[in-house]
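Down below is the structure, laid out as structure tokens.
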Amino acid sequence: MQDLTNTQYVKIDVEPETGAKIVLSAVYEALTEKGYNPVNQIVGYIMSGDPTYITSHKNARSLIMKVERDELVEEMLREYIKNSHWEEKKD
């Protein structure tokens, strides 16, 4: 049985310009060009794992499948936190 009294700690190495960031940008652009709502489509893909949520335009479907879905979520959360000014101030 697991000890549920302690919090698990996950250390994620900070990478310069991650592959996930580049892929999300390219996929966002391809979905927009094809007239799709990129937020809805990317969320659909992340939640279901079904690559048909992503257009094959500009090779976007192949690109997004090269990145683990949890990496996509991590990148989006990292950017959200950064843009929401939630980051801890370092002394």
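Structure data summary
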| quantity | calculated |
| --- | --- |
| Approximate spin-label separation residue 74-residue 3, in nm, with each point projected 7 Å along Cα-to-Cβ | 2.5 nm |
| Calculated FRET value between residue 10 and residue 40, using beta carbons and R₀ = 35 Å, to 0.05 | 0.80 |
| Those lysines that a straight Cα-Cα span of less than 24 Å connects to residue 82, excepting residues fewer than 8 apart in one chain | 11, 21, 90 |
| Linear extension gain, residue 48 paired with residue 66, 0.36 nm per residue minus alpha-carbon span | 4.9 nm |
| Karplus-derived HN-Hα couplings along the stretch 60-71 (A = 6.51, B = -1.76, C = 1.60, θ = phi - 60°), whole Hz, x at Gly and Pro | 4, 5, 5, 4, 5, 6, 7, 10, 4, 4, 5, 5 |
| Global form of the stretch 17-91, assessed from the alpha-carbon gyration tensor, a/c cut-off 1.5 | prolate |
| Fully extended contour minus Cα-Cα distance, from residue 32 to residue 83, at 0.36 nm per residue | 16.2 nm |
| Relative contact order of the stretch 20-85, pairs being alpha-carbon contacts under 8 Å that are 6 or more residues apart, as % | 36 percent |
| Heavy atoms of residue 62: accessible area, 1.4 Å probe, square angstrom to 10 | 60 Å² |
| Per-residue SASA entry for residue 71, accessible area with 1.4 Å probe, Å² rounded to 10 | 80 Å² |
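The values are calculated or read from the model by the stated rules, or taken from the named source; none is laboratory data. Only a predicted model underlies this, so the values are computations on that prediction, with no experimental measurement involved. Here the Cβ is made from the backbone with ideal geometry for all residues, glycine too, and neighbour counts use every protein chain on show. Side chains included, ligands, DNA and RNA excluded: accessible areas come from the protein's heavy atoms. Shrake-Rupley method; radii C 1.70, N 1.55, O 1.52, S 1.80 Å.
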